[in-house]
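Peer 1: Okay, handing you the structure first.
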Amino acid sequence: MAAFPKSLKASLVVAAVLLFALLMVNQPLQTASAPQGIVSYQLAGTADQAHAIFRSWGSEGVAWAKISLWLDFLFIPAYMLALIHLTRHFTRDRPGIRERVGARWVRALFATAGLSDGAENILLLNNFNPPTDEMSLSATLCALIKFTALTLGIAGLVIIRASRRHPLAHH
């Protein structure tokens with residue numbers, strides 16, 4: 001495989017560092033009511049579930065959750081940029097129209113994931129005092145859109161990469 005361009009390497013490193021920081025911040029948020037930490041809060045869906053998660057976290061955990069959400073605002077553009085650079089890299093030797101159209105869809109899915117992630121964070125930050133069913137459900141829907149778009153985008157990259165079954169050309 002051809003060497004990764006510097007912009008791709010840099011964006012992957014920044015995204016990885018921020019992901020590691022988010023994983024560290026998430027550690028104290030993993031409780032019986034929130035086994036996946038902040039992800040459990042993202043998918044709470046109701047005010048009652050959000051309240052149960054807050055009770056399990058305590059005031060210190062709620063503070064860590066807010067830090068996680070604010071840190072995620074840095075992670076969103078980092079992972080979007082990394083995934084878009086990766087899409088460009090994986091499709092640079094794929095000149096076919098199907099591959100170009102597929103790559104556009106993949107980039108649109110990654111952009112959708114980022115926008116949904118940002119909306120989700122805003123909803124979650126506004127759902128602390130007190131949580132409501134409307135905010136909880138809206139945040140959950142945004143999280144589901146984000147996870148679906150990321151999954152479909154990554155699957156699209158795999159399909160595009162495998163479509164012609166030859167390695168990246170060396171230039």
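Peer 1: May I have the extent of the alpha carbons of the range 7-163 along their three principal axes, as whole Å values ordered from largest to smallest?
Peer 2: Answer, in whole Å and largest first: 54, 29, 23 Å.
Peer 1: Take every Cα pair under 8 Å in the chain that's 6+ residues apart, average their separations, divide by the length, and report that relative contact order as a whole percent.
Peer 2: 30 percent
Peer 1: Percent of accessible area on the chain owned by carbon and sulfur, 1.4 Å probe?
Peer 2: 70 percent
Peer 1: Lys146: which aspartates and glutamates have alpha carbons under 12 Å from its alpha carbon, excluding same-chain residues fewer than 8 sequence positions away?
Peer 2: Output for Lys146: Asp117, Glu120.
Peer 1: Over the chain, with the other protein chains present, what is the accessible area per residue in square angstrom, probe 1.4 angstrom?
Peer 2: It amounts to 54 Å² per residue over the chain.
Peer 1: With every protein chain kept in the model, how would you rank Ser136, Ser7 by accessible area, 1.4 Å probe, largest at the top?
Peer 2: Descending order: Ser7, Ser136.
Peer 1: Divide by every residue of the chain the summed helix terms, -39500 (n - 2.57) for each DSSP H run of at least 4, and state the resulting mean residue ellipticity at 222 nm, rounded to the nearest 500 deg cm²/dmol.
Peer 2: Values: 5 runs with 130 residues, N = 171.
Only helices count here, giving -27000 deg cm²/dmol.
Peer 1: Here's another thing I want to ask about it. Cα axis of helix 47-91 to longest principal axis of the chain: angle in degrees, 0 to 90, nearest 10?
Peer 2: The helix 47-91 is inclined about 10 degrees to the chain.
The values are calculated or read from the model by the stated rules, or taken from the named source; none is laboratory data. Just so it is clear, the structure is predicted and the values come from calculations on it, not from any experiment. For the accessible areas, the whole protein counts, side chains as well, though only heavy atoms, and no ligand, DNA or RNA atoms are used. Shrake-Rupley method; radii C 1.70, N 1.55, O 1.52, S 1.80 Å.
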